[in-house]
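The values are calculated or read from the model by the stated rules, or taken from the named source; none is laboratory data. The structure displayed is predicted, hence computed values, not measured ones. Here the Cβ positions follow ideal geometry from the backbone for every residue, glycine too, while neighbour counts run over all protein chains shown. Keep in mind that these areas ignore ligands, DNA and RNA; they rest on the heavy atoms of the full protein, side chains included. Shrake-Rupley method; radii C 1.70, N 1.55, O 1.52, S 1.80 Å.
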Amino acid sequence: MSASTPIGCEITMMYRWGLWWVTFFITISQYTMSQSNDMAGILFYNVENLFNPEPDSVAIDDEYLPQTFRQWNHYRKKIKQANISRVILYAGKWEPPVLVGVCEVEDKKVLNELIWTTGLNRFSYSVIHFNSPDQRGIDVALIYRKDRFKVLRSFPVEVKLPPSFPPTRDILYVCGILDEIDTLHVLVNHWPSRWGGEASTRIKRLIAAKTLKNICDSILSVSEHSKIIAMGDFNDEPNDESLKIVSRKPGTAGKRLINLAWNPVGKVPGTLKHQNAWFCFDQILVSSALFAPRREGGFFLKDTMMHVIAADFLLEKDYDYSGVKPFRTFEGNKYKGGFSDHLPVMIKLMRIIE
């Protein structure tokens with residue numbers, strides 16, 4: 001669908017997604033009523049520019065307004081919100097994720113709309129969001145189920161770049177209790193991009209990595225058994241220098257977090273694609289306490305792998321290169337009405353009763 005696609009077609013798309021959601025919701029509601037809380041899904045999704053079509057006096061968001069070349073309006077925003085809700089429900093299958101980290105969202109308003117206009121509120125979802133200093137106004141946030149996750153405290157942590165660089169996104173820290181059993185320390189990241197070249201922007205991601213490591217070290221200094229989940233779009237791959245500062249391969253020794261993205265599971269080998277190459281920028285890192293069950297029980301990793309959610313509806317045929325690629329909202333300046341240029345990633349925690 002191009003930027004000149006009639007609004008009527010966009011309404012038809014909204015209606016189609018709405019019918020899908022109603023059918024799915026009826027099925028999942030009936031099923032989850034009988035389910036126990038033995039599983040907890042943790043999802044991360046770079047949703048690709050979820051903006052309000054309204055001017056922002058602080059952020060540079062001129063692209064995403066009705067009168068600009070993208071013709072971003074409330075219809076297109078609602079289609080995108082319906083798409084995101086579909087991803088969240090699909091990822092969880094019969095048990096919607098307890099925690100959903102997101103990035104590239106403009107403000108809390110678009111997230112509250114996401115919850116209340118798509119029916120996600122029926123699963124007790126709520127939002128934690130803080131405005132970041134990013135010049136475009138895109139932030140990170142955590143969507144969580146209030147019925148299962150009790151928030152104790154939350155705050156943004158600044159990634160302090162040198163004055164010669166524009167400011168970047170904060171790291172969101174949230175501490176809460178899962179099912180009145182386990183305390184989880186959750187960190188949602190969106191590290192500086194490679195725009196302008198990987199080498200010239202590397203220093204910014206190294207600073208973000210050291211910031212994240214400092215947070216994790218502080219948590220682990222209080223208790224080495226702390227359960228930490230750091231997720232995000234790191235704009236680097238697991239074997240890059242920045243990720244090595246804060247994480248390590250599964251099965252290796254050390255105090256750093258364990259990066260579950262070293263061997264992602266899915267029908268595509270990454271979370272975003274550039275020409276012929278797939279990259280895995282979207283990752284989930286965990287502390288070692290989530291691996292080996294302790295005597296007192298609690299929640300631990302169901303398996304030691306990160307799963308790339310690569311449903312058919314999230315992909316489209318790649319005519320320019322080969323295979324498939326993520327089905328995006330925009331490709332260049334062309335409106336396509338898709339989901340995102342990134343695929344979501346997920347892990348599952350399982351309750352162990354001793």
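Just give me the residues in the range 110-165 being out of contact with any strand residue (DSSP E or B) (no Cβ under 7 Å at 6 or more places or on another chain) and over 18 Å from I88 (Cα atoms), in sequence order.
Applying the first criterion (out of contact with any strand residue (DSSP E or B) (no Cβ under 7 Å at 6 or more places or on another chain)) to the range 110-165 yields 113-114, 116-122, 133-137, 147, 158, 160-165.
Once the filter is applied, which keeps residues that are out of contact with any strand residue (DSSP E or B) (no Cβ under 7 Å at 6 or more places or on another chain) and over 18 Å from I88 (Cα atoms), the range 110-165 yields P133, D134, Q135, R136, G137, E158, K160, L161, P162, P163, S164, F165.
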Select from the range 144-169 the residues that are out of contact with any Leu (no Cβ under 7 Å at 6 or more places or on another chain) and among the β-branched types (V, I, T) and write down the one among them that is most open to solvent (accessible area, probe 1.4 Å).
V151
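Can you tell which of R194, R122 is in contact with a helix residue (DSSP H, G or I) (Cβ under 8 Å, 6 or more places away or on another chain), farther than 20 Å from S242 by Cβ, open to solvent by 60 Å² or more (accessible area, probe 1.4 Å) and in contact (Cβ under 8 Å) with a residue 40 or more places away in the chain? Talk me through it step by step, then tell me what you get.
Values: R194 fails: farther than 20 Å from S242 by Cβ.
None of the other options fit; the residue is R122.
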Looking at the range 319-341, which of the residues that are open to solvent by less than 10 Å² (accessible area, probe 1.4 Å) and either part of a loop (DSSP other than H, G, I, E, B) or out of contact with any Gly (no Cβ under 9 Å at 6 or more places or on another chain) (or both) is nearest to P269 (Cα to Cα)?
S340
What single numbered condition from (1) in a loop (DSSP other than H, G, I, E, B); (2) under 18 Å from the mean Cα position of the chain (by Cα) fails to hold for R86?
(1)
In this structure, does K255 turn out to be farther than 15 Å from F281 by Cα and either open to solvent by 40 Å² or more (accessible area, probe 1.4 Å) or out of contact with any Phe, Trp or Tyr (no Cβ under 7 Å at 6 or more places or on another chain) (or both)?
yes
Looking only at the range 38-54, how many residues end up being in contact (Cβ under 8 Å) with a residue 60 or more places away in the chain, polar (S, T, N, Q) and surrounded by fewer than 21 Cβ atoms within 10 Å (Cβ to Cβ)?
0
